Amino acid sequence: MSPSLPPRPRTRLYLITPPQIADVAAFARTLGAVLSAGDVASLQLRLKGADGMTDMQATREAGRALTAMAQEAGVAVLVNDVPDLVRELGADGVHLGWTDMPVKTARNLLGPDTIIGATAKNSYHKAMQAGEDGADYVAFGAFYPTATKAETVPAELELLQVWQAAMLIPCVAIGGITAQNAAPLVTAGADFLAVSNGVWNHAEGPAEAVRAFNALFDQLEGAA
């Protein structure tokens, strides 16, 4: 009989900021309450302009206000799309989209100790290539319809199952995730759930959303 595999680590929450933040000081207060409500692994700074591109000024403003706060709470801060801002903001890493800078180039720019994540959409091949090129995690999705990001493609639960069975690099599930629809993603093998609207627009408030996600993760720990 072959030895049983160790249990998979508990799924964790990967927060993504809203695409626009009208009042950074007010958002910082909200974030403080959110980080006090339960375990959060990371915070991605994803601020977009009307053209869908990264809003550099807004990202800088949010990063200066939020990075140290998040890091003091043990939360890794990642910049969406723009590796050049990582050192400027003192962030922990970058998340690279489907058409952004290649992982190898970002790794050469940022060095071995910076977190680099890569979007793989619904492509196992793209995810494997990102891992070979030095990504620390890959992100699959969208698993559910989402209004946060345009140009998504549907991803199936089987992708998480196959990845978890074969690969050591952590995988992130993304796309329309809420505490109500997250359970299948957890049991399929997602190491992290990337959530934006499902936290910030939760009917009972963002902090309650974080509590709900963590309660679900506790309930399903070891189920995958």
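The values are calculated or read from the model by the stated rules, or taken from the named source; none is laboratory data. The structure displayed is predicted, hence computed values, not measured ones. In this analysis, Cβ positions are derived from the backbone assuming ideal geometry, glycine residues included, and neighbour counts consider all displayed protein chains.
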Can you spot a residue in region 83-92 that is closer than 26 Å to Phe217 by Cα and either at pLDDT 95 or above or of a type in the set (D, E, K, R) (or both)? yes
Could you grab me the full set of residues in region 169-187 that are in contact with a helix residue (DSSP H, G or I) (Cβ under 9 Å, 6 or more places away or on another chain) and closer than 23 Å to Gly97 by Cβ? Ile169, Cys171, Ala173, Gly176, Ile177, Thr178, Ala182, Leu185
Which number in (1) surrounded by fewer than 17 Cβ atoms within 10 Å (Cβ to Cβ); (2) modelled with pLDDT under 95 marks the one condition that Ala68 misses? (2)
So which residues in region 120-136 are surrounded by 22 or more Cβ atoms within 10 Å (Cβ to Cβ) and in contact with a Gly (Cβ under 8 Å, 6 or more places away or on another chain)? Ala135
Only residues that are under 20 Å from Val77 (Cα atoms) and not in a loop (DSSP other than H, G, I, E, B): list them for region 172-183, please. Val172, Ala173, Ile174
Does region 70-89 contain any residue that is in contact with a helix residue (DSSP H, G or I) (Cβ under 6 Å, 6 or more places away or on another chain) and closer than 19 Å to Thr152 by Cα? no
Here are the criteria: (1) of a type outside the set (Asp, Glu); (2) surrounded by fewer than 18 Cβ atoms within 10 Å (Cβ to Cβ); (3) out of contact with any Pro (no Cβ under 8 Å at 6 or more places or on another chain). Tell me which single one Leu157 does not satisfy. (3)
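Give region 184-224 a look and list any residue that's in a helix (DSSP H, G or I), within 21 Å of Thr152 (Cα to Cα) and not aromatic (Phe, Trp, Tyr), or say none.
Pro184, Leu185, Val186, Ala188, Asn197, Gly198, Val199
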Cβ contacts < 6 Å: first residue under 26 Å from Gly175 (Cα atoms), restricted to region 88-112; second residue in a loop (DSSP other than H, G, I, E, B) and among the β-branched types (Val, Ile, Thr), any location; separation 6+ or different chain. Result? Gly93/Thr114
Confirm whether Asp81 is crowded, with 17+ Cβ neighbours inside 10 Å, acidic (Asp, Glu) and out of contact with any Gly (no Cβ under 9 Å at 6 or more places or on another chain). no
Where Thr99 falls short, out of the listed (1) more than 16 Å from the chain's Cα centre (by Cα); (2) in a helix (DSSP H, G or I); (3) not hydrophobic (A, V, I, L, M, F, W, C): (2)
On the given criteria, is Gln57 at pLDDT 95 or above, farther than 19 Å from Thr114 by Cα, of a type outside the set (A, V, I, L, M, F, W, C) and not in a strand (DSSP E or B)? yes
Could you say which residue among Ala50, Ala25, Ala33 is of a type in the set (A, V, I, L, M, F, W, C) and either buried (at least 20 other Cβ atoms within 10 Å of the Cβ) or part of a loop (DSSP other than H, G, I, E, B) (or both)? Ala50
Run Ile169 past the list (1) in a loop (DSSP other than H, G, I, E, B); (2) of a type in the set (Val, Ile, Thr); (3) buried (at least 19 other Cβ atoms within 10 Å of the Cβ) and report the number of the one that doesn't hold. (3)
